[in-house]
Amino acid sequence: MITCPIFFCAYIKAMAKIRYIEHNGKEHLVEVQNGLTVMEGAVQNDIPGIDADCGGSMSCATCHVYVKEDWYDKLPKKDMGEDDMLDQAYEPNSKSRLSCQIMVSDDLEGLSVYMPEKQV
Amino acid sequence: MIKTDVVIIGAGPTGLFCAHQLGIIGLKCEIVDNLDKLGGQCIELYPDKPIYDIPAVPECTGEELTNNLIKQIKPFKFNFHLNDRVQELTNKDDNWIVTTTSGKKFQTPNVVIAGGVGSFEPRKFPTKSAEKFDGTSVLYSIKDKTIFKDKSVAIFGGGDSALDWAIELSNSSKVSLIHRRDEFRGAPASVKKIKELSKKSIINLFTKYSIKDVKGNGTLEEIEIKSEEGESKTIKADYVLGFFGLIMQLGPIADWGLNLDKKTIPVNTENFETNKKGIFAIGDICTYPGKLKLILSGFHEGALAARGCFKYARPNEKYRFEFTTASSTIKNRLGLK
Ligand SMILES: Cc1cc2nc3c(=O)[nH]c(=O)nc-3n(C[C@H](O)[C@H](O)[C@H](O)COP(=O)(O)OP(=O)(O)OC[C@H]3O[C@@H](n4cnc5c(N)ncnc54)[C@H](O)[C@@H]3O)c2cc1C
Ligand code: FES
């Protein structure tokens, strides 16, 4: 929550803090605007480890991340086709998601995503 | 050695339209693509999806766009070299020598790289041990299916290629099909067939497993697969086939001494030339301030790069601007009266 300097009213700054953890353990904590995807959050902040070759059109599987158990169940469910694309990702498991398919909202405040060893 | 005015690397929408522009201004070109078909991402990734932002075409699918682009360049009778990848670019006097994986060689003053996000290549097994059998007993496509007769074949994947080959090879080989989850993305009829064959023990089906190790001394003997819980199983295998779809890899383009910015090639926006004289980059693979990865931008870039090529292909001529509606020379090139 931030107070507006002109009218002194409170308005919501629509951002969520997302933690991106590289395969080597290096963490990046960034604020990502609501409405962007977790993939876009990484790309816009130059966080390595997410390639996103197809620009978010769910056709490359190079934006693959692992989501920890507790968060995995809280995220909006996968759409049709995401699992099919994940079949083609590098070392997918049952906690895999395509980060271009996770839309950032207030509910995602504090989400951590783990990058695979590589994307291709 | 094939001599030509321009070699275009990549037959996506951008490469195809650039060929058109070259034809219009009277230059010859040869087009090379690693895929077995024309159309790049449009045909490989979304043939059935409608596109809504092609100027003056309110709606068309990736396949329709491709077919129309092919039709548009038909009058020029350019040669396509499919299933072949450009591997090397070397400089010779004022020309470039372009060499492909299959050994074809071109001599040309101009190379237009319209390589998208790179060439489409099969995604390989993540296991290091699979590498030493790559191309001999670990395969990602099938050229000659007779080699599998009476052998044990382990097939990985859940799409149509994996299912179709599992069904087909089960006639004359001992097939195991391994997939990382219970659902398959292949056609429902194939999924049904696989389940039947598995029930009759004609195919060994392992779901929720992935590869762990590939073993053998010189020749492949067995593979180890693992479940997510860490349980592992050993399967006898003479061949391992992986069908995980295609990924785009920059590949050899990175080795040609061009300036690179992440996976893209910086160009000037006057004629889309790179840091090397006579090498142009257009479409998704090029970058400049304001670049949009859209098909329409690729078309514009191709038109300007074609004029850039003219200068080196016809050093003694002056390029003359003409409209297709008005020029009889252009109409001749298009085979019109
Ligand atoms: C699902 C999806 C939806 C899209 N929707 C739209 C849309 O609505 N509107 C829009 O404008 N854009 C859209 N795009 C983007 C559009 O498809 C791309 O911008 C366009 O395909 C880029 O064209 P290109 O010719 O530059 O490259 P590509 O289409 O990627 O083609 C490049 C070709 O070069 C080949 N190649 C690369 N390196 C080599 C080599 N060394 N040797 C031989 N061949 C090589 C590759 O195999 C490939 O066939 C979409 C993309 C996707 C994935
Ligand atoms: S960016 Fe390509 S699938 Fe997510």
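Give me Rg over Rh for chain B, both radii from the alpha carbons and Rh done the Kirkwood way, two decimal places.
That ratio equals 1.06.
Could you give me the ³J(HN,Hα) list for the range B:7-18, computed from phi with Karplus coefficients 6.51, -1.76, 1.60 and θ = phi - 60°, whole Hz, x at Gly and Pro?
Once rounded to whole Hz, the list reads 10, 9, 9, x, 10, x, x, 5, x, 5, 6, 4.
Say R0 is 25 Å: what FRET efficiency, to the nearest 0.05, do B:ASP48 and B:ASN79 get from their beta-carbon distance?
FRET efficiency, B:ASP48 to B:ASN79: 0.30.
How much accessible surface area, in Å² rounded to 10, belongs to the heavy atoms of B:THR101 with a 1.4 Å probe?
B:THR101 has an accessible surface of roughly 90 Å² with all protein chains in place.
Using the Kirkwood formula over every pair of different C-alpha atoms, what hydrodynamic radius in Å results for the range B:124-244?
14.2 Å
Just to make sure I understand: if all protein chains stay in place, what is the order of B:ILE202, B:ILE253 by accessible area at 1.4 Å, largest first?
B:ILE202, B:ILE253
Could you size up the charge dipole of chain B around its Cα centre, putting +1 on the beta carbon of Lys and Arg and -1 on that of Asp and Glu, and report it in debye to the nearest 20?
540 debye
Could you give the nm distance between label points at B:ASN67 and B:SER141, where each point is 7 Å from its Cα heading toward the beta carbon?
So the label points at B:ASN67 and B:SER141 sit 2.4 nm apart.
In whole angstrom, and with the biggest value first, how far do the Cα coordinates of the protein assembly as shown range along each principal axis?
Projected onto its principal axes, the Cα set of the protein assembly as shown covers 79, 71, 40 Å.
Looking at B:VAL57, B:THR274, B:PRO75, which one has the Cα that reaches farthest to the positive end of the dipole of the protein assembly as shown (charges on Cβ: Lys, Arg +1; Asp, Glu -1)?
After comparing all options, I get B:PRO75.
Percent relative contact order of the range B:124-244, based on C-alpha pairs within less than 8 angstrom and at least six residues apart?
Value for the range B:124-244: 34 percent.
Counting other Cβ atoms within 10 Å of each Cβ, which chymotrypsin sites (Phe, Trp or Tyr not before Pro) in the range B:265-337 have at most 16 and sit in a DSSP loop?
Filter output for the range B:265-337: B:TYR319, B:PHE321, B:PHE323.
Quick one: accessible area per residue over the protein assembly as shown, 1.4 Å probe, rounded to a whole number of Å²?
Spelled out: the 1.4 Å probe surface of the protein assembly as shown, per residue, equals 50 Å².
Excluding ligands and nucleic acids, what accessible area in Å² is computed for B:LYS233 using a 1.4 Å probe, to the nearest 10?
Per-residue accessible area (B:LYS233): approximately 70 Å².
Placing +1 on the Cβ of each Lys and Arg and -1 on the Cβ of each Asp and Glu in the range B:124-244, which of B:TYR140, B:LEU163, B:VAL153 has its Cα farthest towards the positive end of the resulting dipole?
So the residue we want is B:LEU163.
How fast does the range B:242-317 diffuse by Stokes-Einstein, in µm²/s, taking the Kirkwood radius from C-alpha pairs at 4 °C and 1.567 mPa s?
Here the translational diffusion coefficient equals 96 µm²/s.
How far is it, in nm, from the label point at B:LYS37 to the one at B:LYS199 when both lie 7 Å from their Cα along the line to the Cβ?
3.4 nm
For the pairs B:LYS174/B:LYS199; B:LYS49/B:LYS262; A:LYS17/B:LYS262; A:LYS118/B:LYS236; B:LYS28/B:LYS104; A:LYS95/B:LYS195, flag any whose C-alpha to C-alpha distance is greater than 19 Å.
From the list (B:LYS174/B:LYS199; B:LYS49/B:LYS262; A:LYS17/B:LYS262; A:LYS118/B:LYS236; B:LYS28/B:LYS104; A:LYS95/B:LYS195), the Cα-Cα distance tops 19 Å for B:LYS49/B:LYS262; A:LYS17/B:LYS262; A:LYS118/B:LYS236; A:LYS95/B:LYS195.
Go through B:TYR239, B:GLY39, A:SER112 and say which Cα lies farthest out towards the positive end of the charge dipole of the protein assembly as shown; charges sit on Cβ, +1 for Lys and Arg, -1 for Asp and Glu.
Going by the charge dipole, the pick is B:GLY39.
Quick one: ranking A:MET80, B:MET1 by accessible area, 1.4 Å probe, largest first, what do you get?
The most accessible residue leads, giving A:MET80, B:MET1.
What is the magnitude of the charge dipole of the protein assembly as shown about its Cα centre, with +1 placed on the Cβ of each Lys and Arg, -1 on the Cβ of each Asp and Glu, and no other charges, expressed in debye to the nearest 20?
1380 debye
Below 8 Å, C-alpha to C-alpha, sequence gap of six or more: please give me the relative contact order for chain B in percent.
20 percent
What is the Cα radius of gyration of the range B:18-127 over 2.2 N^0.38 Å, N being its residue count?
1.21
As a test question: what accessible area, to the nearest 10 Å², does A:GLU91 have when a 1.4 Å probe is rolled over all protein chains in place?
80 Å²
Enter the mean number of other protein chain beta carbons within 10 Å of the beta carbon of each residue in A:53-62, as an integer.
So the per-residue partner count for this stretch is 5.
At 25 °C and a viscosity of 0.890 mPa s, what translational diffusion coefficient does Stokes-Einstein give for chain A, taking Rh as the Kirkwood radius over Cα pairs? Give it in µm²/s as a whole number.
167 µm²/s
Average partner chain C-beta neighbours within 10 Å, per residue of B:157-167?
Counting other chains' Cβ atoms within 10 Å and averaging over B:157-167 gives 1.
Rank these residues by their accessible area, most exposed first, probe 1.4 Å: B:GLU168, B:GLU301.
Largest accessible area first, the residues go B:GLU168, B:GLU301.
Counting only other chains, what is the mean number of Cβ atoms within 10 angstrom of the Cβ of each residue in peptide B:113-125?
1
Go through the range B:222-252 and name the GluC sites (Glu not before Pro) that are in a DSSP coil and have 14 or fewer other Cβ atoms within 10 Å of their Cβ.
Taking the range B:222-252 and a limit of 14 other Cβ atoms within 10 Å, the loop GluC sites (Glu not before Pro) found are B:GLU228, B:GLU229, B:GLU231.
The values are calculated or read from the model by the stated rules, or taken from the named source; none is laboratory data. Here the structure is a predicted model, which is why all the values come from computation and not from measurement. Cβ sites come from the backbone with ideal geometry, for glycine too, and all protein chains shown count toward neighbours. Keep in mind that these areas ignore ligands, DNA and RNA; they rest on the heavy atoms of the full protein, side chains included. Shrake-Rupley method; radii C 1.70, N 1.55, O 1.52, S 1.80 Å.
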